[in-house]
1. Using amide H atoms built 1.01 Å from N in the peptide plane, name the residues 5+ places from B:E510, or on other chains, whose amide H lies under 5 Å from its own.
2. Report, as an integer, the average count of C-beta atoms from other chains found within 10 Å of each Cβ along B:603-610.
3. If you wrap a convex hull around the Cα atoms of the range B:464-606, how much volume per residue is inside, in Å³?
4. Given the pairs A:K271/A:K369; A:K22/A:K634; A:K52/A:K369; A:K152/A:K369, which span a C-alpha to C-alpha distance of over 23 angstrom in this model?
5. Taking a label point 7 Å from Cα toward Cβ, how far is A:E443 from its twins in the other copies, in nm, shortest first?
6. What ranking do A:S488, B:S554, A:S346 get, fewest neighbouring Cβ atoms within 10 angstrom at the top?
7. Run the reach check for B:K15 against aspartates and glutamates, Cα to Cα strictly under 12 Å, same-chain hits fewer than 8 apart removed. What comes back?
8. Using amide H atoms built 1.01 Å from N in the peptide plane, name the residues 5+ places from B:Y353, or on other chains, whose amide H lies under 5 Å from its own.
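Every read-out reported here was derived from the displayed coordinates using simple, explicitly stated rules and does not represent laboratory data. Since we're looking at a predicted model, the values are computed, not measured. Cβ placement follows ideal geometry from the backbone for every residue including glycine, while neighbour counts extend to all protein chains displayed.
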There are 2 protein chains.
Amino acid sequence: MTNTTEFRYLGKGRKLIEGLEKITGTAQYVADMQIPGLLHAGVVLSPYAHAKIVSIDTSAARAMPGVAGVFTADDLPTRDRAMNSRHSAVLARERVLFCGQPVVAVVADSEAHARDAVAAVVVEYEPLPVIADMLAALEPDAPVIWPDGLPKDGVDLTAAHAAVDKDGEDVERAPSNLHATNHYRRGDVARGLAEADVVVERTYRTPIVHQAYLEPHASLAIPEPHRGAVTVHTSTQGQFGVRDEVARLLSLPKNKVRVVPMAIGGGFGAKYGLIDPLVAALAVTIRRPVRLVLTRSEDFLTTTPSPATIIELTTGARRDGTITAIKAVITMDNGVFPFTLGGIVSILLGGYYKCENVDISVREVLTHKPQGGAYRAPGAPSATFAIESNIDEMAHLLGIDPMTVRLTSTVETGDLMGNNDPWPNLGLRQCLEALQQHPAWAERHLGPDEGIGIAVGGWPCGMSPAASVCRVDNDGTVRIHVGSVDISGVNSSLVLIAAEILDISPDQVELLQGDTRDGPRAGPSGGSQTTYSVSGAVASAARAARQKLLEVASHHFEASVEDLELKQGAVHVRGLPDRSVSIATLAEESERLRGGPGPIIGEGTAAVSENAPGFVAHLAKVHVDRNTGQVTLKQYVAVQDVGFAMNPTMVYGQIHGGAVQGIGWGLNEAMIYDRYGQLLTGTFMDYSIPAFDSVPDIETVLIQNPAPHGPFGARGIGEPPITAGAAAIANAVRAAVGVRVTELPIRAERVWQALHAEA
Amino acid sequence: MTNTTEFRYLGKGRKLIEGLEKITGTAQYVADMQIPGLLHAGVVLSPYAHAKIVSIDTSAARAMPGVAGVFTADDLPTRDRAMNSRHSAVLARERVLFCGQPVVAVVADSEAHARDAVAAVVVEYEPLPVIADMLAALEPDAPVIWPDGLPKDGVDLTAAHAAVDKDGEDVERAPSNLHATNHYRRGDVARGLAEADVVVERTYRTPIVHQAYLEPHASLAIPEPHRGAVTVHTSTQGQFGVRDEVARLLSLPKNKVRVVPMAIGGGFGAKYGLIDPLVAALAVTIRRPVRLVLTRSEDFLTTTPSPATIIELTTGARRDGTITAIKAVITMDNGVFPFTLGGIVSILLGGYYKCENVDISVREVLTHKPQGGAYRAPGAPSATFAIESNIDEMAHLLGIDPMTVRLTSTVETGDLMGNNDPWPNLGLRQCLEALQQHPAWAERHLGPDEGIGIAVGGWPCGMSPAASVCRVDNDGTVRIHVGSVDISGVNSSLVLIAAEILDISPDQVELLQGDTRDGPRAGPSGGSQTTYSVSGAVASAARAARQKLLEVASHHFEASVEDLELKQGAVHVRGLPDRSVSIATLAEESERLRGGPGPIIGEGTAAVSENAPGFVAHLAKVHVDRNTGQVTLKQYVAVQDVGFAMNPTMVYGQIHGGAVQGIGWGLNEAMIYDRYGQLLTGTFMDYSIPAFDSVPDIETVLIQNPAPHGPFGARGIGEPPITAGAAAIANAVRAAVGVRVTELPIRAERVWQALHAEA
């Protein structure tokens, strides 16, 4: 536990930097931008999940009022990228492969005109057989979605999310809908099962879940025709990745693409450059600024939700709770373009408990649905739902309480992940012990048909090298320049780090978020890596600036740097309390002092060598209405090892938000497709996310088990709180009414069916 | 002479970076900016040079179409700054003090509406006595312009222009129009004159000269009401100074003011924040973006031209040409606000020649005219015209050729300036020797009434500490971040420096010019300091980045840094020519390499300890029409010690431009005010600048006498070429027709009068 009293600013709560802008409505989202001469794009989406494009008639659309252009795949510089890139928002060519795939783009002088023109485009399709289901896709006689081989150029986002090796490689064999496989093994799982006193075998299903950010995808591109360049303003989690995608798909050098990250209304793993190449292609082609803001339904249809999974899981345990075997077959429904998450599902599924015998195989499957994508702790809610349900079920069968079972076998530093790599330092046991002490567990008060469930969850947490620049202005303002996007309030922590190191008020610190041109490099903001990765760079830059301030002070006082100390905004001569000079004055002197160190500037980089896993233990208390199956969440406790809470206000915010999304996985959310690949849940009326009145207070307990390589001991904290909710709720339902629900979300009808099936 | 062959890129000509934008019309000047909701300002200027403001009636203006507001001094946050700041574009209050002073500002929805409303404002004045002449201002019974004492808060720009001490201090005594004096002495000037074989005594007059930039002053301010902040986009030579002025006059913290320097259509010393405080005050008050672009006539009336001077000069020399005495009284007409240039005039006047006996006194005078300001080598053309005319006249009287006289006594490194400080390393003698060899001098071909004149000139050149950041992107693009404004093509040199150090094509280097928020600190671009000051910072940043590339390469090759070398865009293993890796790949690896040095970034600063004077020797050949007095320039040679020409293309450009402006001083330019302080030359029809057909080719010779502390030996080069033109032309006229013209410009009527006076 880090002693936070050693710090003046770190560890104290501080509000969101851009809160004022967001509250007053002056924060600039892409949709707010006013650009002279801006054109508005609209997209014609495929109504079929699989069809041949027979003809496209744009003549009526072109004649509509205000229309500046109507474009098919052939009209854009991305023409050769359509259908052979792993990119689902470049206009389709010849065939459409999922319902919602963009086929035609319209550009007009207003959004209304663009919408009208979209409606006037006539596309003639010839429907083709649809593979909408992952198991059907694996049938030997199933039509093959990519008969001529997989599109080759793709970007793997998993590496950005978790510091683990790339998932399963593409399968090089006869074309099939099984696009990748993987197999992780240790020990002898058959022997492990044979040695078990109890074996639980279940098949768990989790649906496609959408990231459901408040702000739909939005992008605005401004071309510079004479330079052959384009600037893209976008709602993104990572400007550098978007830059690379736009450059790749438009065949531009990277330095001709500038990507400016705007205020972002939620990303949760989905905003790494989906519509930007299309918008950039339109702008470059028509030589005018173009903006596209997806409607909510378009966003549901076209973007990249989290894959559905089927996890066939068998676990065994001895009478004392020792886990003897974990065996699983994981099948992932990745939609129409290759995307791989099975690796991380395996790492977690086989990585929460000490177990000598593990056998996990992964099947990555293609279907005629939108490409799968990342969603906060991608794969973790599914893996956790499966393993934590099985562990819980074994505990019930063994008659051991679920806390004891977990404390018996929970992984500790150095134990193995599902892929047999050792875990770096982690604090799962401390989380469980804290939960064990929590009144919600220790003093369980249960009414009729109420139950308490617990589950653990974790995330390896990512890390990417990052750089930062720190400058001290002559009014004492300290500016920190970073290239990371703030999706979670992380900038407030970065400000506190600079304030702490320079010992000045955080009010004097200004955070500059750079674009791809002026921003120091940082990884994308995803995978709980930003605080962990960028903080070290900021700290290092601030320390470099601090050193220069001391050098100028050394000129100022004609004293050696060793005799000086920086505190509370000024440099003091040790032992002479009345001799001090403010950093503002020192900065001002540095800008005049010839032969001195020059203006106060420091750069810093960080390239942490080891990741810092973040673990949680969650508790859910539910009431189940036996007549309807309705599950009501009565209490929720989230314990999390955060390493060190630099800014507790934001840490609590992240845990609250993540926990509520985990509850959404558990009780609410599913994108449902029919057998024709048609989305049945394309609005927030159909796709249900947790509402305020259905979520109790999230009681939060922070464990501060310092990450050995983390900045001030901090760990990434964004992903872990989403992982355990669905499992905890399922276990609570089991405790309340004795039924084991194995498919998410745990809606009333599913519980009712389970109650009746098992009755 | 630096051997340029040691460099791959430096010393080779390279075109202007932003040339494409300027040629295609896409460069963004302030007037080009399109901002939603932008309001346009217009200013009501005083028609009187001195008057009481009796009343202001804005009612008719407020009722005009499109008018959003009409503001007097009392309506703006600058209200208490009007009339007590040394700032001439804050609205006047109670009194007006020069013709052209802004009194009322109008803000409307179009420029036309703003102009119409300006015409509808009714200001009633009560005229007061006008002091329009600097000698009249010094009469004992002259009304005192600031009877209650001088306005105290001012910004002294001289220090930014030349690395010399501040000019004369304000005079603390009974209020008078003599606002400052100074006196520089060495030896015994009376004895020096007594020892002379020839004494020349003349009074030289130079007029007020305007900087005559192509783009008038323009500023656009965008308020952020909820933050109490304002962003100013402006045509400026120094964003940090403008930021400070706006913050000071609006009583805002500096960090609430962001100043973005836009493309600039010439500054020449005049663009350090004149109209920005007014525009910012309007925007903050009306809470809307506001732009003001002065018309040409408004610009002539309201801005800060170069002061007029009267130099009473007596010099003596021995028969052999040795200079025995320099005695001068310098009177400066600084307009209505204190401004001091007499110090630098003295430094140069007494600093071109070895001379043991010097006595120079300076009188800085106030008149009811616009405040004086800096113009390229401020004060130098006046000082040079005087001393170089007198030296030339002594040569004639002694019968020694003017080249020999100069070579006899010209200052060398360590000789004294007019203020008795020693000159740092300088190359004036080399310039003269080169001019002596030039065919224009060596082979003089003269027709009837033709003459050749020569003159030397110099400038101490400025220096300000500066910082820079260098980043290497993963496509091999190198970005250099600076906070200096490019008014002269200096960015092309900075690019070459980075290219040279990193040994990559300059095409791979991108220069980012920062604003006050994101730019590393640099001094204003004036006083020939930018190349000299910023280059070192860029070089240091590039070297830091280079070192990091080698560190990553050391990981890459598992070799020690000592065994690696960076050349032609790649790192090679010494002795293994086939083992190399591109810097793009290294940058890409650095962004992934955990435990490595992190992304490739380097910061650098420079705080040069000694300035590097720039000297010239110019030659003018003229023909004089004895019937009309018309002087026609037939040939012009400019020899200049540039230290090292990093980018000869831009160096030639600077010398050409400066020489032409010097010719303007000599033959064309004068702002003429009548006895009521009314400007008679407020358009380009009346204020004549050199036209293409009146300027011969500028034949340019570069001397490369390396500056000991300069980057690669470079010196500042912007100011020196303007200094000597007027003197060289006057000397040529003397050679051609035997008359000495002692007042600039040397227009036909003045020569005609001289011919007739001396006939």
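1. Amide H neighbours of B:E510, under 5 Å, 5+ apart: B:V478, B:R479, B:I480.
2. That average works out to 6.
3. Convex hull volume per residue, Cα atoms: 100 Å³.
4. Correct reply: A:K22/A:K634.
5. The projected label point of A:E443 is separated from its counterparts by 10.8 nm.
6. Ascending number of Cβ neighbours within 10 Å: B:S554, A:S488, A:S346.
7. B:D507
8. B:V411
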